[in-house]
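Working notes, beginning with the structure itself.
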Amino acid sequence: MNFKRLFNFWQVFFILFSFNCQYINGQVSKELRFTNINTSDGLSNNNVNAVIEDNRGFLWIATNDGLCRYDSPGNFKIFYASASDKEGIETLKSSNITTLFIDSKENHWIGTRGGGLSRYHLPSKQLTNYVHDPADKNSLSNNEVLCITEDRQGNVWIGTEDGLNLYQPKKEQFIVFKDNPSNPNSLKAKAILSIMEDDKGWLWIGAWNEAIHLLIPAESGDMADAQFRKINLSKERTAWNVWKIYQDNEQRYWIGTFGDGLFLMQLPATASNKINAQDWEPTFHNYLSVHDDKKSISNNIIKDILQDSKGRLWVATTQGLNHVKPNQLPATQTFNAPTKEKPAINFNQHIYNPNNNYSIAHNDINSIYEDR
């Protein structure tokens with residue numbers, strides 16, 4: 001993979017990427033029109049997993065077969081993994097790109113399936129790969145990278161198929177968090193699907209089959225001694241598969257599950273991330289798909305959540321895209337006073353319609369992203 005040449009580009013538009021075309025009847029909101037970009041336009045693969053924009057205006061698109069840099073309509077530059085590079089520049093270890101993130105130091109973090117993690121530092125144009133080494137406990141915990149984020153302290157967190165990782169730049173190694181059966185306060189999760197820092201600076205982790213975890217910082221300040229509190233959303237096992245944790249601009253917590261719909265989480269006034277102050281419980285409200293109810297969410301498998309610059313909440317599912325208008329979201333005063341009564345929400349569904357050229361092109365939505 002050669003990143004030597006970059007050009008300035010500015011293009012403002014909203015992109016939704018999807019895969020697995022399903023031909024079903026549906027309705028599309030008259031106020032929204034969708035344009036599809038696929039392999040016929042130059043995209044390397046129609047299975048798109050993530051999208052991100054850098055500070056030069058380039059869009060980077062993670063696909064199952066190559067990393068694409070979108071320059072302008074119909075103009076893609078595609079980067080693949082290769083065994084060698086004629087210019088002696090290190091390349092990606094896998095062309096199956098799962099996730100992307102750009103940190104505050106202009107590092108492009110590239111997560112792959114089977115090829116570990118890559119960091120491309122834009123100013124120095126240097127690519128560094130990190131892979132799992134069974135003989136090194138401080139190497140990346142697994143080569144299947146699922147999510148990446150940066151906290152307000154500048155720490156980069158990486159979720160993998162087997163463990164949570166905290167990158168240590170000075171040592172070029174990782175602190176790895178895994179389940180320790182002898183430690184009840186360890187991370188009780190294997191596959192880490194979502195990492196989110198909230199407005200308080202608390203770190204939340206969404207996992208497969210292990211619900212959500214709240215990181216409890218050690219009193220010593222040593223991140224290696226951090227503890228975790230596991231919180232179940234529901235008694236339903238499908239609610240333990242947490243695909244996405246998201247906080248909107250009104251500090252509402254949204255949790256997307258793989259099979260049990262969307263949850264709204266409300267924290268009591270006593271909520272804390274301190275070690276000796278965990279005698280509190282959140283309140284959860286569940287929003288499920290209801291057959292033939294166009295105001296319910298379109299499917300119970302939630303893959304992504306995003307609030308756009310207009311305040312609309314977008315929810316990606318395996319059976320269509322949904323959005324909630326700002327005035328249809330729970331009022332802030334209601335959200336800040338958790339009750340057992342579930343706030344009403346009307347979802348606007350967007351389903352693939354073969355008879356409408358401006359409907360979404362597919363129903364299985366992986367990622368939602370709004371550019372500048």
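The values are calculated or read from the model by the stated rules, or taken from the named source; none is laboratory data. Worth saying up front: this structure is predicted, and the values here are computed from it rather than measured. Every residue, glycine among them, receives a Cβ derived from its backbone with ideal geometry; neighbour counts consider all protein chains shown. Keep in mind that these areas ignore ligands, DNA and RNA; they rest on the heavy atoms of the full protein, side chains included. Shrake-Rupley method; radii C 1.70, N 1.55, O 1.52, S 1.80 Å.
Observations on the model:
- Condition met for Gly159 (open to solvent by less than 40 Å² (accessible area, probe 1.4 Å) and part of a loop (DSSP other than H, G, I, E, B)): no
- Pair list, Cβ < 8 Å and 6+ apart or interchain, from region 241-268 residues that are at positive phi to residues that are of a type in the set (Gly, Ala, Ser): Gly259/Ala239; Gly261/Ser289
- Residue check, Trp202 under 24 Å from Gln307 (Cβ atoms) and open to solvent by 10 Å² or more (accessible area, probe 1.4 Å): yes
- Selection of first residues in region 284-297 that are more than 11 Å from Leu262 (Cβ to Cβ) and of second residues that are of a type in the set (A, V, I, L, M, F, W, C) and open to solvent by less than 40 Å² (accessible area, probe 1.4 Å), restricted to Cβ pairs under 9 Å at least 6 apart or on distinct chains, gives the following pairs, ordered by first then second residue: Val290/Ile297; Lys294/Phe347; Lys295/Ile345; Lys295/Phe347.
- Among the residues making up region 95-126, those that are farther than 22 Å from Ala191 by Cβ and open to solvent by less than 20 Å² (accessible area, probe 1.4 Å) are Asp103, Asn107, His108, Tyr120, Leu122.
- Output for region 164-199, where each listed residue is over 23 Å from Ile275 (Cβ atoms) and surrounded by 16 or more Cβ atoms within 10 Å (Cβ to Cβ): Tyr167, Gln173, Phe174, Lys190, Ala191, Leu193, Ser194
- Scanning region 170-225 for residues that are of a type in the set (A, V, I, L, M) and part of a strand (DSSP E or B) yields a count of 13.
- Considering His362, His350, the condition of being open to solvent by 10 Å² or more (accessible area, probe 1.4 Å), over 21 Å from Leu193 (Cα atoms) and touching a Ser or Thr at 6+ places or on another chain (Cβ under 9 Å) is satisfied by His362 alone.
- Lone qualifier among Asn25, Asn36 - being open to solvent by 20 Å² or more (accessible area, probe 1.4 Å), at pLDDT 60 or above and among the polar types (S, T, N, Q): Asn36
- Going through (1) in contact with a strand residue (DSSP E or B) (Cβ under 8 Å, 6 or more places away or on another chain); (2) open to solvent by 50 Å² or more (accessible area, probe 1.4 Å) one by one, Asn357 falls short only on (1).
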